[in-house]
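The next block holds one structure in the form of structure tokens; read it before the comments.
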Amino acid sequence: MNTEISIEFFPPQTPEGVEKLRAVREKLAVLKPAFFSVTFGAGGSTRERTFSVVKEIAAEGFDAAPHLSCVGSTRQNIRDILNDYRSAGIRRIVALRGDLPSGTAEAGEFRYANELVEFIRKETDDHFHLEVAAYPEWHPQARFPSDDLANFVRKVKAGADSAITQYFYNADAYFHFVDEVRARGVDIPIVPGIMPIASFSKLARFSDACGAELPRWMRRKFEGLGDDTDAIRAFGLDVVTELCERLLAGGAPGLHFYSMNQSALTLEICRRLKIA
Ligand SMILES: Cc1cc2nc3c(=O)[nH]c(=O)nc-3n(C[C@H](O)[C@H](O)[C@H](O)COP(=O)(O)OP(=O)(O)OC[C@H]3O[C@@H](n4cnc5c(N)ncnc54)[C@H](O)[C@@H]3O)c2cc1C
């Protein structure tokens, strides 16, 4: 199958983590991803580490897409980072607002991702392909879905080329979101973000925090599996593979994998999907 995929990493904190991520990339390379992306801690907390991983990926001959979150930053901070990325030959950025850790006072000079997209376009014209975030189950801070949709459309009109979604396990939410944005004149690709399931308890905690819904039938089934890691892995692979199949059959333009710096589950899902 000729499905375009991309794969996301976070920047490791230790030299061992950096080494391990090199080995993970080597394994994932067989999938011939369109790009590897690397997350960025809000407020610039991972600035150097993100840049260092991105440079390694580019040196290995892959397209590398650093994430860039603007909350807590000044225009000059962002300008400096854009200059670094440009001089390293980077052509794609995932442009985000980010979330400051609670208790952080400094909000910086950007409020929302649409302002970052606008700024990047003003500063660098069409140099970067800009990805933005999309939320088929709505962003947790949005008061109404209609506000979130209007804000998403504003972000796209500011100059985004494509979008990657928050992960979800309900394909209908994605299809509904795509219909809604198409009805508002947005025609950019909206690539579903896919979270393979390694540990159900971790996933449940994380999902509550980021507003992703774990459907009741899935939650109950995972809970019933207790500590049986093999059964959790097997059920998780079935659920996520079926989700990907449905999304692709329904017209999703590709898949973006949240790898959590691991290769095995992404590789297995792609093997079942006959990708690469
Ligand atoms: C694919 C993907 C990758 C991510 N990578 C990272 C990462 O590397 N680092 C990181 O820190 N976080 C990352 N995140 C998380 C993201 O930063 C958070 O979800 C954050 O809360 C919102 O970022 P955003 O860019 O979607 O914000 P925005 O698009 O700015 O939206 C945030 C909220 O504000 C509302 N809003 C937007 N514009 C306006 C406006 N003009 N007026 C009023 N309200 C508005 C929206 O409806 C929404 O509720 C990622 C998320 C996704 C989906």
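The values are calculated or read from the model by the stated rules, or taken from the named source; none is laboratory data. If you're wondering where the values come from, they're calculated on a predicted model, not measured in any experiment. Here Cβ is always computed from backbone atoms with ideal geometry, including for glycine, and neighbour counts include all displayed protein chains.
So which of 164, 197 ends up being under 30 Å from residue 127 (Cβ atoms) and either crowded, with 19+ Cβ neighbours inside 10 Å or modelled with pLDDT under 95 (or both)? Before you say what the answer is, go through the steps one by one.
On the way: 197 fails: under 30 Å from residue 127 (Cβ atoms).
Of 164, 197, the one residue that is under 30 Å from residue 127 (Cβ atoms) and either crowded, with 19+ Cβ neighbours inside 10 Å or modelled with pLDDT under 95 (or both) is 164.
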Selection from the stretch 1-55 of residues that are without any contact (Cβ under 8 Å) to a residue 24 or more places away in the chain and within 13 Å of the ligand (Cβ to nearest atom): 45
In the stretch 109-155, residue farthest from the ligand (Cβ to nearest atom) [restricted to those that are part of a helix (DSSP H, G or I) and in contact with a strand residue (DSSP E or B) (Cβ under 7 Å, 6 or more places away or on another chain)]: 120
Per-region count, the stretch 14-47, residues at pLDDT below 95 and not basic (Lys, Arg): 6
Unique match (being buried (at least 17 other Cβ atoms within 10 Å of the Cβ), touching a residue at least 60 places away in the same chain (Cβ under 8 Å) and closer than 30 Å to residue 169 by Cα) among 95, 113: 95
Per-region count, the stretch 121-160, residues acidic (Asp, Glu) and surrounded by fewer than 16 Cβ atoms within 10 Å (Cβ to Cβ): 4
Within the stretch 67-91, considering residues that are in contact with a strand residue (DSSP E or B) (Cβ under 8 Å, 6 or more places away or on another chain) and either among the β-branched types (Val, Ile, Thr) or over 15 Å from residue 118 (Cα atoms) (or both), the one surrounded by the fewest Cβ atoms within 10 Å (Cβ to Cβ): 91
Pair list, Cβ < 6 Å and 6+ apart or interchain, from the stretch 119-143 residues that are within 17 Å of residue 186 (Cβ to Cβ) and touching a residue at least 12 places away in the same chain (Cβ under 8 Å) to residues that are in a loop (DSSP other than H, G, I, E, B) and among the hydrophobic types (A, V, I, L, M, F, W, C): 130/160; 132/160; 136/168
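Might you check whether a residue that is crowded, with 16+ Cβ neighbours inside 10 Å, aromatic (Phe, Trp, Tyr) and in contact with a His (Cβ under 8 Å, 6 or more places away or on another chain) occurs anywhere in the stretch 51-66? Can you show your working first?
At the first step, the residues of the stretch 51-66 found to be crowded, with 16+ Cβ neighbours inside 10 Å are 51, 53-58, 62-66.
So of that shortlist, the ones also aromatic (Phe, Trp, Tyr) come out as 51, 62.
Filter once more, keeping what is in contact with a His (Cβ under 8 Å, 6 or more places away or on another chain): none.
Taking every residue of the stretch 51-66 in turn, none turns out to be crowded, with 16+ Cβ neighbours inside 10 Å, aromatic (Phe, Trp, Tyr) and in contact with a His (Cβ under 8 Å, 6 or more places away or on another chain).
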Meets criteria (surrounded by 19 or more Cβ atoms within 10 Å (Cβ to Cβ), within 21 Å of residue 35 (Cβ to Cβ) and among the hydroxyl-bearing types (Ser, Thr, Tyr)) for residue 207: no
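Against the condition modelled with pLDDT of 95 or more, within 16 Å of the ligand (Cβ to nearest atom) and more than 21 Å from residue 160 (Cβ to Cβ), how does residue 66 come out, does it pass? Steps first, answer last, please.
Values: modelled with pLDDT of 95 or more: yes; within 16 Å of the ligand (Cβ to nearest atom): yes; more than 21 Å from residue 160 (Cβ to Cβ): no.
When the stated conditions are applied, residue 66 does not pass them.
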